[in-house]
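The values are calculated or read from the model by the stated rules, or taken from the named source; none is laboratory data. Please read all numbers here as calculations on a predicted model, not as lab measurements. Methodologically, a virtual Cβ is constructed for each residue, glycine included, from the backbone with ideal geometry; neighbour enumeration extends over all protein chains shown.
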Amino acid sequence: MAHTIAAISGTLSEEDRTAIETLYRAFSEHDPELLDQAVTADWQDIPLAPGQQPGREGMKPLIRGFSAAFPDAKVTVHEIIGAPGRAGVRAEITGTHKGEWFGVASTGRTFTLPIHEFHHTENGRVTHTWHMEDWFGWLHQMGAMGAPEEKA
C-alpha cells in the first residue's frame, strides 16, 4: 500500500477499514478499478466534482484525469476514527503538478493538499463519502491564485 496510517481508533470493522483504505489506494496506485472493491456501485461522493457523474463509475474518469495531472500523487492517511458503519479520515495528498487540472496548466510544482472525509460503510463497502479538500490552498501553491505581487 502506498500510504501509512498513523492512528486508527474506534470500533470500525476490519472489513470496512479495508474498504476505506482501498478507496485511497485507487488514487495512490492510479488504479480506478480498485473502486470495485471499495465502494458500492451507487456510492454517493458528496459533493461531486465539476463534470463528475454519480456513482462508482463516475469517479473512475476523475481518477484517470487525476493520475495524468499528478502521476506521482500519493495519499497519506494520518488517522481513521471509526464506529460501526461510519469513519472520519484525516489525510493528505502530495505530488507534482504535471498536467492540466481545474483549468491550471502544468506548473511542475510540488504540493501538499490536506483532506478530511467522512464515510458511511455497509457490508465492507463505502456507501457515502462527504469530503473537503483544500483546493484553494492547492491553487495558491500552484501560483494560480493569491494576492498580486506588490510593486516597489
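Listing for the model above:
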quantity	calculated
Verdict on residue 137 being of a type in the set (Gly, Ala, Ser) and surrounded by fewer than 17 Cβ atoms within 10 Å (Cβ to Cβ)	yes
Selection status of residue 72, part of a loop (DSSP other than H, G, I, E, B), more than 12 Å from the chain's Cα centre (by Cα) and either charged (D, E, K, R) or more than 18 Å from residue 131 (Cβ to Cβ) (or both)	yes
From 121, 127, residue being in a strand (DSSP E or B), in contact with a Ser or Thr (Cβ under 8 Å, 6 or more places away or on another chain), at pLDDT 95 or above and surrounded by fewer than 18 Cβ atoms within 10 Å (Cβ to Cβ)	127
Among the candidates 104, 126, 89, residue that is out of contact with any strand residue (DSSP E or B) (no Cβ under 6 Å at 6 or more places or on another chain) and among the aliphatic types (A, V, I, L, M)	104
Segment 6-56: number of residues that are β-branched (Val, Ile, Thr), surrounded by 21 or more Cβ atoms within 10 Å (Cβ to Cβ) and touching a residue at least 24 places away in the same chain (Cβ under 8 Å)	2
Filter result for residue 41 (part of a strand (DSSP E or B), out of contact with any His (no Cβ under 8 Å at 6 or more places or on another chain), at pLDDT 95 or above and not β-branched (Val, Ile, Thr))	yes
Some residue of segment 112-121 being touching a residue at least 24 places away in the same chain (Cβ under 8 Å), over 15 Å from the mean Cα position of the chain (by Cα) and closer than 30 Å to residue 12 by Cβ	yes
Residue check, residue 33 part of a helix (DSSP H, G or I), within 16 Å of the chain's Cα centre (by Cα), more than 28 Å from residue 142 (Cα to Cα) and of a type in the set (Asp, Glu)	yes
